[in-house]
Amino acid sequence: MKAMRATAKMAPRRVRARVRGVVQGVGFRPFIHGLAHRHGLDGWVKNDGQGVVIEAEGDGLDGFLADLERLAPPLARIGAVEIEEMAPVGAGGFAILDSVVSGPATLPPADVAPCPDCLRELFEPADRRHLYPFIACTDCGPRYTIADAPPFDRARTAMVDFPLCPDCLAEYRNPADRRFHAQTMACPVCGPKLTMGVDEILARIGRGEIVAVKGLGGFHLVCDARDREAVARLRRRKERGGKPLAVMAANLASAAAFADFDATEAALLSGRERPIVLLRARPGADLSPDIAPALATIGVMLPYTPLHYLLFHQAAGRPAGVDWLDRPQSLVLVMTSANRSGEPLVIDEAGIGRLDGIVDAVAGNDRAIRQRADDSVTRMIAGAPRFIRRGRGFVPDPIRLARPVPTVLAVGGHLKSTLCITRGDEAFVSAHIGDLDNAATYGALVDEAARLLDRLGVTPDRVAHDLHPDFLSTRYAQSLGAPAIAVQHHHAHVAAALAEHGVEAPALGLALDGYGMGPGGESWGGEMLRVDGAAFRRLGHLAPLPQPGGEAAARQPWRLGVAVCHGLGMGGCSIARLFPGRDVAAILALLEAGHVPISTACGRLFDAASALLGIALEARYEGEAPMRLESLVTRPRVLDDGWRLSDDLVLDPSPLLAALIGRDAADGADLFHGTLIAALTDWVTAAAAREGLDHVALTGGCLLNRVLAEGLAHNLAERGLTPLLPGAVPPGDGGLSLGQAWVAALSTL
């Protein structure tokens, strides 16, 4: 008789898994619920202040944990999964538990455009959400701009004001429904409502009116992009000068009628973040010439809210289904931030009074905006998207640092202000706040700092600010009571790129911008630095250029042109002929007397070149002269002996500037860009050899010039160096706060 051998059944495992990252407001709990059922597990899942917590038990745990990261929802970004073994409890079923608030908080994801499923429902006549302008699900819609305190549940968002109707509640509770536990869901019965119908909005735009339309992160000023009178009226009323306006097209096929773009730019345009993308304008397009005067580029975006789609749908004759979404549409809309020049974006009906005299009508809704967020503005440079302005669609996604650091609040500079808060190995950079030229924008900065600190659940160990003592941001930082660390402007620019790329070893930094105060109060802006964490050393700089009138020279580039001509020894009469109608004699008198500040800024070099070529003698907005200069470039070429490089690494482009006088503007633009790229390449190569370094951060607002950035990066790579271009934040002042935070975090108090 054979002996019977008993096989003991192993007890099932139980684990607690903490999932960190962007895992709230992305359908993560319903995803975990479905995954647990698929693997036959018992347990529960819930949100807390730090992310998602799961307890799961059963034989299928290994497969469950593998699929958790492999099959995560499209909006989720898992930072870490921490596993703790637990004793089995044998509980039956798997549940979604109520959220709890505890410990440091996690922020919700950025807002994203409607998903294909929601668009199909939106334009399906039989669907109960047909033409509903607030349709959303677990995979799309508003997140950050409607969130209150974490964790991300309906009760902690602006949707708290809209209790679910029986039909929506049934979908919310049904594990088989795609809106199972969708926190932002609603329908025409129970959800937010417009204050003006889609047909009326479009009719008003068609009559040439300017309409303030409420979006995700604020209001837009909207008019017909083909209506020359309406666009000109918008410019006058908003006092926008010649600064370019962004436009919205229905789809890629529609945008192709007035802009050229490649596959990478098309992917950026149509991605779920839907930024404004700077594209090459197509000659002969029938849009108003006042949209981007004298520029070869145009800022384009595609619809990113259901209401945007409904406006184009109405203009297309309200077709059923979604086939029309890929067809060219004639309607193109100007979509620009709803604010007076220099003020923060209007985000609620209470602030509409600030737009008196600008708008003809207001199309609002009764869903509150909790967080201001301007549209992100991007440009493809060197094969990757680069931020001109970082906002909606990307904020508040954190930037991963090389290692955990102390908690720092960095307050940025004066222009294009942003904030940055570090927590552990993450840096949270705010959306674009603006130039701190008025009380309203300063108030927005202060409010945003308090809000971000509260939402992240941290108190800063130290505060970082610009070296300039008179910036409002500096004064604010020094008022907070925490140890305050001043960070030189260009050190911060370089540090931002190094922080993003995880470079902690010493590196070169080429910082090219318009202004930053040096340690002795000097005007810097064309700097070669060696950066080693919290320390930097100035290795070289551009040759100083007289700046008659100080800041006035940036607004009137002809002053810089006069200074260059004077420095070359030209006579007053010859100079006056180059700049007719300007008080050249007064500027020459200042130069002769020596009562003129000097600057090493690369931005002023662009201004001077633009003036010498007669492209822009006056600048109506920051960066106009360099942008118009770049717009003329077709084939950069190098002037032989166009620069001088001294042994102490001072780069003098005087021969190049001299060669521009009397030259055709387009030819001069080619010569200027090609020669400057070659000169900068030699400069960096010499510094790299002297210092024994091979990584070079390329930063500062001038690096938004695509010709310059791509040419320089290509040349340096060919010379065996590693160029580091910013991609997570703008290379200009919008990225300063990240660099300030990194330097302050590495500093010894």
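Among the strands (runs of 3 or more DSSP E) lying completely within the range 334-424, list those that include at least 1 residues that are touching a residue at least 40 places away in the same chain (Cβ under 8 Å) and over 28 Å from A292 (Cβ atoms).
In the range 334-424, 399-405, 408-410 are the strands (runs of 3 or more DSSP E) which contain 1 or more residues that are touching a residue at least 40 places away in the same chain (Cβ under 8 Å) and over 28 Å from A292 (Cβ atoms).
Can you confirm whether the range 379-397 contains a residue that is basic (K, R) and at positive phi?
No, the conditions are met nowhere in the range 379-397.
Please go through the range 519-531 and pick out each residue that is under 27 Å from the mean Cα position of the chain (by Cα) and of a type in the set (D, E).
Scanning the range 519-531 gives a single hit, E527.
Does the range 269-292 hold any residues that are in a loop (DSSP other than H, G, I, E, B) and either on the phi > 0 side of the Ramachandran plot or within 17 Å of the chain's Cα centre (by Cα) (or both), and which are they?
Correct list: G271, R272, E273, R274, P275, G284.
Would you mind finding the one in A464, A496, A482, A477 that is touching a residue at least 60 places away in the same chain (Cβ under 8 Å) and within 20 Å of the chain's Cα centre (by Cα)?
A496
Check S330, S337 and return the single one that is closer than 30 Å to F162 by Cβ, assigned by TED's automatic domain parsing to the domain that holds G206 and among the polar types (S, T, N, Q).
S337
Answer yes or no as to whether V300 is within 28 Å of P396 (Cβ to Cβ) and without any contact (Cβ under 8 Å) to a residue 60 or more places away in the chain.
For V300, the condition - within 28 Å of P396 (Cβ to Cβ) and without any contact (Cβ under 8 Å) to a residue 60 or more places away in the chain - is met.
Would you call V446 modelled with pLDDT of 95 or more, over 19 Å from S747 (Cβ atoms) and surrounded by fewer than 22 Cβ atoms within 10 Å (Cβ to Cβ)?
yes
Could you list all residues from the range 24-52 that are small (G, A, S), surrounded by fewer than 20 Cβ atoms within 10 Å (Cβ to Cβ) and not in a helix (DSSP H, G or I)?
G40, G49
Please go through (1) under 30 Å from I615 (Cα atoms); (2) not in a helix (DSSP H, G or I) for A576 and return the number of the only condition it doesn't satisfy.
(2)
Could you name every one of the helices (runs of 4 or more DSSP H) located completely within the range 461-571 that has at least 3 residues being surrounded by 18 or more Cβ atoms within 10 Å (Cβ to Cβ)?
By residue number, 472-478, 489-501, 558-567.
Among the residues of the range 148-169 satisfying the criterion of being touching a helix residue (DSSP H, G or I) at 6+ places or on another chain (Cβ under 9 Å) and not in a loop (DSSP other than H, G, I, E, B), which is nearest to G27 (Cα to Cα)?
Result: R154.
Here are R663, R637, R690: which of them is surrounded by fewer than 20 Cβ atoms within 10 Å (Cβ to Cβ), at pLDDT 95 or above and farther than 30 Å from A292 by Cα?
When all the criteria are applied, what remains is R690.
Here's a check for you: in the range 398-443, which residue that is of a type in the set (D, E) and over 21 Å from F387 (Cβ atoms) is modelled with the highest pLDDT?
D425
Is it the case that some residue within the range 168-179 is of a type in the set (A, V, I, L, M, F, W, C), buried (at least 21 other Cβ atoms within 10 Å of the Cβ) and over 33 Å from the mean Cα position of the chain (by Cα)?
Within the range 168-179, one or more residues are of a type in the set (A, V, I, L, M, F, W, C), buried (at least 21 other Cβ atoms within 10 Å of the Cβ) and over 33 Å from the mean Cα position of the chain (by Cα).
Filter the range 90-132 for residues that are of a type in the set (V, I, T) and crowded, with 17+ Cβ neighbours inside 10 Å; which is modelled with the lowest pLDDT?
If we take residues in the range 90-132 being of a type in the set (V, I, T) and crowded, with 17+ Cβ neighbours inside 10 Å, then T106 is modelled with the lowest pLDDT.
Might you let me know whether the range 676-691 holds any residue that is of a type in the set (S, T, Y) and farther than 28 Å from G412 by Cβ?
Scanning the range 676-691 turns up at least one residue that is of a type in the set (S, T, Y) and farther than 28 Å from G412 by Cβ.
For the range 182-239, what are the residues that are without any contact (Cβ under 8 Å) to a residue 12 or more places away in the chain and of a type in the set (A, V, I, L, M)?
Of everything in the range 182-239, just one residue is without any contact (Cβ under 8 Å) to a residue 12 or more places away in the chain and of a type in the set (A, V, I, L, M), namely A203.
Looking only at the range 317-351, filter to residues that are modelled with pLDDT of 95 or more and of a type in the set (D, E, K, R); which one of those is surrounded by the fewest Cβ atoms within 10 Å (Cβ to Cβ)?
Across the range 317-351, the extreme among qualifying residues is D323.
Which of the residues that make up the range 715-749 are closer than 24 Å to H673 by Cα, part of a helix (DSSP H, G or I) and in contact (Cβ under 8 Å) with a residue 60 or more places away in the chain?
Listed by number, the list holds a single entry, D733.
The values are calculated or read from the model by the stated rules, or taken from the named source; none is laboratory data. It should be emphasised that the depicted structure is a prediction, and the values quoted were computed from it without experimental measurement. Neighbour counts are summed over all protein chains in view; Cβ atoms, including those assigned to glycine, are modelled from backbone coordinates with ideal geometry.
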